[in-house]
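See structure below.
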Amino acid sequence: MHPARLKLIQIGAVAGVAVAAAVAFWLLFTSQHFFDLKIYISAEKWWLDGHELYDFAQPDALQGALYFTYPPFAAMLMLPLGLLPLGVAQTLITVGTVAAVALTTWWLIVPLADRQGWPRWTAVGIAIPLVVLIEPTRATLSFGQINMWLAVLVVADLLVLLPRGSRFAGVGIGIATAIKLTPGLFIVYLLVSRRYRAAAVAAGTTAGVTLLAALISPSSSRDFWFSAILDPSRVGRYDYTANQSLMGLLSRLMLPEQADRRLWLLIAAAVLAFGMWRAAVAGRSGDEVAGLALTGLTAGLISPISWLHHLYWFVPALVAVLGAAVVARGRRRVALFALLIGGYAITVLGVDTLVDWGSELRPTRDAGEFLVRNAFTLLSLLLLVLLPIRRPSNHTEIAPE
């Protein structure tokens, strides 16, 4: 085929996907009017006015009160939000989120495109609108959340710095953990995959910036680490459909009773052990995308609350499935493409966009509702078991034993 004609086809493919994704985004998007961003801004203004940060409570009709739930180091990074006009803050966080999606997608897709001989810009140009379309990204944009910036820190460490042997590998994970505790599981991933230096750098970075925050604001640090972090009521109700963790699944299943914490701990411990074993296999085999995905999915499952916007980790998981599918043969290839298409469809349709589950204590009524209300939790478990692990040396995949 003539190069000029091929280029036109590639441009047409990118444009077609972008237009289709934009239309679907417009149809599926539910505006939350930057709800979480406004909480950040109000809390920072309260702090700047001389009040104790973790005494901030904003009345809320659904949950009684809403609080600032991030560690003090995160509050210091967000301090400019208390000084900026709302419109400027909304623009910055929206543009920053889209830029973070583009950057992480580049890091994920380019190595796969290079292995398969696909044009880089065409592959990335098709992938970015598809990533923006999924419900975790839509929720991130709608609420004005910061989680994509944390994803940039983690992905940069594992897919850029670590493969290059950089002495700074681990810094991003360390900072992300100091901002929000959940990324700390990636430090465990570095340990179990035997990247001890990067794990030490990550742990040291977390400890260092956390100590710095304590020196700058000792009262806020004391309030967070000895009080606020121990109060589960500050983060929201476990039973909300938007909470796609194991605790969320159990809470919805057991209503009107409280979920049995001992049962949750037992299941979460088993999922943690299995997920980190598979992540360790991926890391030791050199498949950083699978290791990244398995660790992120495990973190989302075992955390007491994993809101929709926390679940970016479906993206590297589906990229890993795509990478395995294009080199597979026969029925295995069909099965992997079915997993890829089905998994992507679930992430687009989501669990909270098409159905208004309300805010009342609503027990799971039947098997169909169980599947729909826990779609992301169940997909995470499925991917934890079935995600293929690639050996870069021969492009084969390791199935779970």
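Got a sec? Which helices (runs of 4 or more DSSP H) wholly within region 284-393 have at least 3 residues that are in contact with a helix residue (DSSP H, G or I) (Cβ under 6 Å, 6 or more places away or on another chain)?
Details: elements: 288-302, 314-325, 330-349, 367-373, 375-386.
The qualifying helices (runs of 4 or more DSSP H) are 288-302, 314-325, 330-349, 375-386.
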Keeping to region 225-269, report how many residues are β-branched (Val, Ile, Thr) and farther than 14 Å from Trp307 by Cβ.
-> 2
Tally time: how many residues in region 211-246 are within 22 Å of the chain's Cα centre (by Cα), part of a helix (DSSP H, G or I) and at pLDDT 95 or above?
-> 1
Some residue of region 95-108 being hydrophobic (A, V, I, L, M, F, W, C), touching a residue at least 24 places away in the same chain (Cβ under 8 Å) and more than 23 Å from Gly350 (Cα to Cα) | yes
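State whether the residues of region 116-130 include one that is closer than 19 Å to Gly291 by Cα, at pLDDT below 95 and either of a type in the set (Lys, Arg) or out of contact with any Leu (no Cβ under 9 Å at 6 or more places or on another chain) (or both).
Applying the first criterion (closer than 19 Å to Gly291 by Cα) to region 116-130 yields none.
The answer is no, given that none of the residues of region 116-130 is closer than 19 Å to Gly291 by Cα, at pLDDT below 95 and either of a type in the set (Lys, Arg) or out of contact with any Leu (no Cβ under 9 Å at 6 or more places or on another chain) (or both).
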Find all pairs meeting these conditions: Cβ atoms under 6 angstrom apart; at least six residues apart or on different chains; first residue within region 67-90 and under 21 Å from Leu212 (Cα atoms) and of a type in the set (Ser, Thr, Tyr); second residue modelled with pLDDT under 90 and part of a loop (DSSP other than H, G, I, E, B).
-> Thr69/Val235
All but one of (1) touching a helix residue (DSSP H, G or I) at 6+ places or on another chain (Cβ under 9 Å); (2) surrounded by fewer than 21 Cβ atoms within 10 Å (Cβ to Cβ) hold for Ala273; which doesn't?
-> (1)
Qualifying position, being surrounded by fewer than 19 Cβ atoms within 10 Å (Cβ to Cβ) and free of Cβ contacts under 8 Å to residues at least 60 places away in the same chain, among Leu250, Leu230 = Leu230
What tally of residues in region 28-45 results from selecting those that are under 19 Å from Gly87 (Cα atoms), of a type outside the set (Val, Ile, Thr) and surrounded by 15 or more Cβ atoms within 10 Å (Cβ to Cβ)?
-> 9
Go through region 155-184 residue by residue and tally those that are farther than 21 Å from Pro304 by Cα, part of a helix (DSSP H, G or I) and among the aliphatic types (A, V, I, L, M).
-> 8
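Here are some residues: Ala127, Ala75, Ala113. Which one is out of contact with any Phe, Trp or Tyr (no Cβ under 8 Å at 6 or more places or on another chain) and buried (at least 22 other Cβ atoms within 10 Å of the Cβ)? Even if it seems obvious, please write down each step before you answer.
Working: Ala75 fails: out of contact with any Phe, Trp or Tyr (no Cβ under 8 Å at 6 or more places or on another chain); Ala113 fails: buried (at least 22 other Cβ atoms within 10 Å of the Cβ).
It is Ala127.
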Test each condition in (1) under 21 Å from Thr137 (Cα atoms); (2) without any contact (Cβ under 8 Å) to a residue 40 or more places away in the chain; (3) among the acidic types (Asp, Glu); (4) buried (at least 16 other Cβ atoms within 10 Å of the Cβ) for Asp356 and report the one that comes out false.
-> (4)
Residues of region 152-178 satisfying the condition of being under 14 Å from the mean Cα position of the chain (by Cα) and either among the aromatic types (Phe, Trp, Tyr) or surrounded by 24 or more Cβ atoms within 10 Å (Cβ to Cβ) (or both) | Val154, Val155, Ile173, Ala176, Thr177
Does at least one position in region 58-72 carry a residue that is part of a helix (DSSP H, G or I) and under 29 Å from Asp239 (Cα atoms)?
-> yes
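The values are calculated or read from the model by the stated rules, or taken from the named source; none is laboratory data. Small disclaimer: the values here were computed from a predicted structure and weren't measured. Reconstructed Cβ throughout: ideal geometry from the backbone, glycine too, with neighbour counts over all protein chains shown.
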